[in-house]
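Structure first, then comments.
The values are calculated or read from the model by the stated rules, or taken from the named source; none is laboratory data. Predicted, not measured: the structure shown is a model, and the values here were computed from it. Note that each Cβ is placed from the backbone with ideal geometry, even for glycine, and that neighbours are counted across all protein chains shown.
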Amino acid sequence: MIARPAPILDLRVALLLALLALALAPRAQAEPFSADSLDQRLIASVTAAAFSFMEPRILEPESNGQLAIWGLRGLTTLDSRFVADLSPQSLRLLLSGKPLLDRPPPPQDQPRAWGEAVAVLARLAWDNSEAVRRAGTQGLISAFFDELFNHLDPYSRYASPRRAYEEQARRDGRGGVGL
């Protein structure tokens, strides 16, 4: 038997695996998925877990609020009428320049509260945009992390649980013939 060296686990792979585990766990307990519904709990838990996981690992630390705003720019990629904005006094979501939400931001040191805030803004966007609804929950999560990683690491990306499993199976040499 030939011993293979242990793979090197970098931040991107670790984050992907953590998000995969978190994304799969709530799904097992949630109601069956419907294309007509937003899984707000999943968005809150995945973003909160990502913020908690990334905080001690980011080379140039950023606040949870900054990470959230970078990710929320994903709403703009889905529907250009949305703008998420953060100031020390206000977390806002604008639709065509008109506020849908204007509230005090959560404390910077509370990733769970920031995950909930992201989920609330995602819900507002979902309720006000056909383009966002077409993207679905996983599309919202993907858009969030695509934009977040554009600012942190252009080589990282979010993969849905299914895609992550398929990519891991391909790397591990498992797979079928596709019939």
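Things worth noting here:
- Qualifying residue in segment 65-86 (condition: at pLDDT below 95, farther than 20 Å from residue 129 by Cα and over 16 Å from the mean Cα position of the chain (by Cα)): no
- Odd one out for residue 150, checked against (1) of a type in the set (S, T, N, Q); (2) under 22 Å from residue 60 (Cβ atoms); (3) modelled with pLDDT of 95 or more: (3)
- Some residue of segment 146-167 being without any contact (Cβ under 8 Å) to a residue 24 or more places away in the chain, among the basic types (Lys, Arg) and in contact with a strand residue (DSSP E or B) (Cβ under 9 Å, 6 or more places away or on another chain): no
- Taking segment 91-113 as the range and being within 19 Å of residue 76 (Cα to Cα) and under 22 Å from the mean Cα position of the chain (by Cα) as the test, the residues that pass are 91, 92, 93, 94, 95, 100, 101, 102.
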